[in-house]
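Scroll down for the structure; my scribbles are underneath it.
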Amino acid sequence: MWLELIEKLLSETNLTYLNADLPLAVFMIKLLPTRIKFDKFINLQTFQDYLEYTKSIELRYFIQCTLKDEINEECLLKEKEIEDEIKELDEMFFEYHDEQPIMVTPSYENRIILYKKYMECKDFESAYQDYWKQETVHFTRCNQWPQAPWKLQMYYDLFKKEIKNRDDTVIIDRSTGLYITKYRQLEKDILKILNKFNTEEDFNKLLKSIRCIKLMENQESLMP
């Protein structure tokens, strides 16, 4: 999955260094190991042949278009997972009468599901630990559960917040100050890097820098 790899690389990279060609080359080598092995670039003739043949054009298109599309598709999938989970929560807490939503007590079976998905996690317990010591017994073990509207709303709001904020899913966009999903922020951050190679000239410079990195690594491996 691209998003997980991108998050890892961005977290361990000093992004200011990516304004220089060699650190940028190292970053791209780490980003694309499943797409291409750059070790063959050590041989000058092999490298020059690669620049002349369609393989380099395919890689350029992949970086400029295909990779961006695949990242967007992953973001859409993540967003749909959140939407589907909220929809499932709504189905547990609401019934419709005359097309109007009415909050209801979730079934005993659904309360067990909700408890295991949200209330068992340590972060959730620590935030409301004293309260849940009393409430979890009623929530999970009683077939007749209090139906006070304020309590239903409280649980619903807490569970919905847990869904939206899982893994810091909702954060503030660093450029606009508006809320954005964590995955869309990762997408924006990586696009700033990928957009450095929107021309053939810039792409070829990247490949030459990658070759320099591979030559350096090869030299180090040959040292006694």
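Every read-out reported here was derived from the displayed coordinates using simple, explicitly stated rules and does not represent laboratory data. Keep in mind that what you see is a predicted model, and the values were worked out from it rather than measured. Reconstructed Cβ throughout: ideal geometry from the backbone, glycine too, with neighbour counts over all protein chains shown.
Loop-only check: which chymotrypsin sites (Phe, Trp or Tyr not before Pro) in segment 27-124 are DSSP coil with at most 14 other Cβ within 10 angstrom? Numbers along the way, then the final one.
Values: sites: F27, F38, F41, F47, Y50, Y53, Y61, F62, F93, F94, Y96, Y108, Y115, Y118, F124; in loops: Y53.
Here the chymotrypsin sites (Phe, Trp or Tyr not before Pro) that fit, given the DSSP loop and packing criteria, are Y53.
Give me the number: length gained by fully extending L158 to E83, i.e. 0.36 nm times residue separation minus the C-alpha to C-alpha distance, one decimal in nm.
Once the chain is fully extended between L158 and E83, it gains 25.4 nm.
Work out how much length L76 to A148 would gain on full extension: take 0.36 nm times their residue separation and subtract the Cα-Cα distance, in nm to one decimal. Can you show the working numbers first?
Working: separation 72, 0.36 × 72 = 25.92 nm, distance 3.68 nm.
Result: 22.2 nm gained on full extension.
Put a dot 7 Å past each Cα toward the Cβ at Y115 and S11; how far apart are the dots in nm?
3.2 nm
What GluC sites (Glu not before Pro) does segment 1-88 have in DSSP loop regions with at most 16 other beta carbons within 10 Å?
For GluC sites (Glu not before Pro) across segment 1-88 that sit outside H, G, I, E and B with at most 16 neighbouring Cβ atoms in 10 Å, the list reads E12.
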